[in-house]
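Here's the structure, in structure tokens; my notes come after.
The values are calculated or read from the model by the stated rules, or taken from the named source; none is laboratory data. Keep in mind it's a predicted model, so treat the numbers as computed, not measured. Heads up, the Cβs are rebuilt from the backbone with ideal geometry, glycines too, and the neighbour counts pull from every protein chain shown. Quick note on the areas: whole protein, heavy atoms, side chains included, nothing else; ligands and nucleic acids left out. Shrake-Rupley method; radii C 1.70, N 1.55, O 1.52, S 1.80 Å.
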Amino acid sequence: MWRYRELMPLLEGEAPLTLGEGWTPLIHTRRLGSKLGLNRLYIKDESLNPTNSFKARGLAAAVTRAAHLRARTLSIPSAGNAANAMAAYAAAAGIPAQVFMPKDVKVPFIRECELYGASVNLVDGLITDAGRIAAERGRPLGWYDVSTLKEPYRIEGKKTMAYEIGEQLDWEFPDWIIYPTGGGTGMVGMWKAFEEMERIGWKATGHRPRMVSVQAEHCAPIVRAFNEGRERSEMWPDARTVADGLRVPKAIGDFLVLRAVRESGGTAVAVSDIDMVASMRELGSEEGISAAPEGGAALQALKVLLREGRVRPTDSVVVFNTGGALKYLDVLA
């Protein structure tokens, strides 16, 4: 990831904190693409990052800056993967970590945080409740809050996904990027990266990929806001889905996600848990990709867009698998 360090939040003489994140495979899925009638279908497989998800990118950048700013304790609310990534990078930096997760989070997420020496706080509620409690507890103690969009550096890490796609495709950008969206930092970061690449001449202006925000049908605040033409979403009641990363009833940066989707000419799609798990299996059986339900959701959204005629057989498509299957094996039972 730090191959783009000149475009990252490092000052002269500062060294990045790294566990080897970034430069994940962009897999040309010929078998699956042929099955769907697409010659240019690619999977950006973020499961091969440290701690098994794309969250490593944002937290590598955030903890790097926190360490240089001499933070004494790091705090994060999380549905699972962000907590694992923050705990790992905090351990590498030698900074104590406090993580706040819903009490019904899957056990592997809890155990991995404990593996890295983090203090785990289980909250009765959703990630929004975890964020509120983390802030209330940490603010008077001076904890450094690295929650989504509470600090700017996670976006800087996530934006490198767009740089990598450009480099891996010889700077011919895809027609579509299909991205599972919980907090939406990845979508916001990539949209920022496209503007940067245009300004420095790495990308032609005037044509950006159409961005597709994918959510679960029982937690789809951004999809509903998009369909209703609103600039911000409303809190989704009784949010539930097997994809922990998509169980975000209201994203802080929802207006930025909606802006990127609309400015790109993209769309927003909600899929069922049954369909996302079926597509998760398909990524495994057809391409050997270890996909979390969030990756399955993105593939399922592509199928919806193909059925509707939005995505054409001649289009190039990048589908994001944001994490691996190993923490989600229970959903396959």
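Just a few scattered comments:
- If the condition is being acidic (Asp, Glu) and either under 16 Å from the mean Cα position of the chain (by Cα) or farther than 12 Å from residue 218 by Cα (or both), then the range 229-249 contributes 231, 234, 244.
- Residue identified as open to solvent by 30 Å² or more (accessible area, probe 1.4 Å), modelled with pLDDT of 95 or more and within 27 Å of residue 332 (Cα to Cα) among 103, 55: 55
- The range 61-75 residues that are closer than 14 Å to residue 99 by Cβ, paired with ones that are aromatic (Phe, Trp, Tyr) and open to solvent by less than 20 Å² (accessible area, probe 1.4 Å) (beta carbon under 9 Å, 6 or more apart): 62/89; 63/89; 74/89; 75/100
- Scan of the range 87-100 for residues that are open to solvent by 40 Å² or more (accessible area, probe 1.4 Å) and assigned to a loop (DSSP other than H, G, I, E, B), ordered by number: 94, 96
- Summed over the range 24-56, the residues that are part of a helix (DSSP H, G or I) and under 13 Å from residue 84 (Cβ atoms) give a count of 6.
- Within the range 113-127, considering residues that are open to solvent by less than 50 Å² (accessible area, probe 1.4 Å) and in a helix (DSSP H, G or I), the one nearest to residue 250 (Cα to Cα): 127
- Residue 135 vs. criteria buried (at least 22 other Cβ atoms within 10 Å of the Cβ) and either in a loop (DSSP other than H, G, I, E, B) or of a type outside the set (Val, Ile, Thr) (or both): no
- Enumerated helices (runs of 4 or more DSSP H) restricted to the range 221-333, each holding at least 2 residues that are of a type in the set (Ser, Thr, Tyr): 273-287
- The set of residues in the range 255-267 that are surrounded by 19 or more Cβ atoms within 10 Å (Cβ to Cβ) and either touching a Pro at 6+ places or on another chain (Cβ under 7 Å) or without any contact (Cβ under 8 Å) to a residue 60 or more places away in the chain (or both) comprises 258, 264, 267.
- Single residue of the range 227-242 satisfying the filter (closer than 24 Å to residue 291 by Cβ and in contact (Cβ under 8 Å) with a residue 60 or more places away in the chain) that is surrounded by the fewest Cβ atoms within 10 Å (Cβ to Cβ): 239
- Test: residue in the range 287-297 that is within 18 Å of the chain's Cα centre (by Cα), under 23 Å from residue 42 (Cα atoms), open to solvent by 10 Å² or more (accessible area, probe 1.4 Å) and polar (S, T, N, Q): yes
- Within the range 173-220, if we keep just the residues that are hydrophobic (A, V, I, L, M, F, W, C) and in a loop (DSSP other than H, G, I, E, B), the residue that is modelled with the lowest pLDDT turns out to be 204.
- Verdict on residue 210 being without any contact (Cβ under 8 Å) to a residue 40 or more places away in the chain and not polar (S, T, N, Q): no
- Neighbours by Cβ (under 9 Å, 6+ apart or cross-chain): first from the range 100-127, within 10 Å of residue 80 (Cα to Cα); second open to solvent by 50 Å² or more (accessible area, probe 1.4 Å) and among the small types (Gly, Ala, Ser): 113/119
- Filtered residue count, the range 138-161, keeping only those that are of a type in the set (A, V, I, L, M, F, W, C), over 13 Å from the mean Cα position of the chain (by Cα), part of a helix (DSSP H, G or I) and closer than 20 Å to residue 11 by Cα: 0
- Residue 83 in a helix (DSSP H, G or I), surrounded by fewer than 24 Cβ atoms within 10 Å (Cβ to Cβ) and touching a helix residue (DSSP H, G or I) at 6+ places or on another chain (Cβ under 9 Å): no
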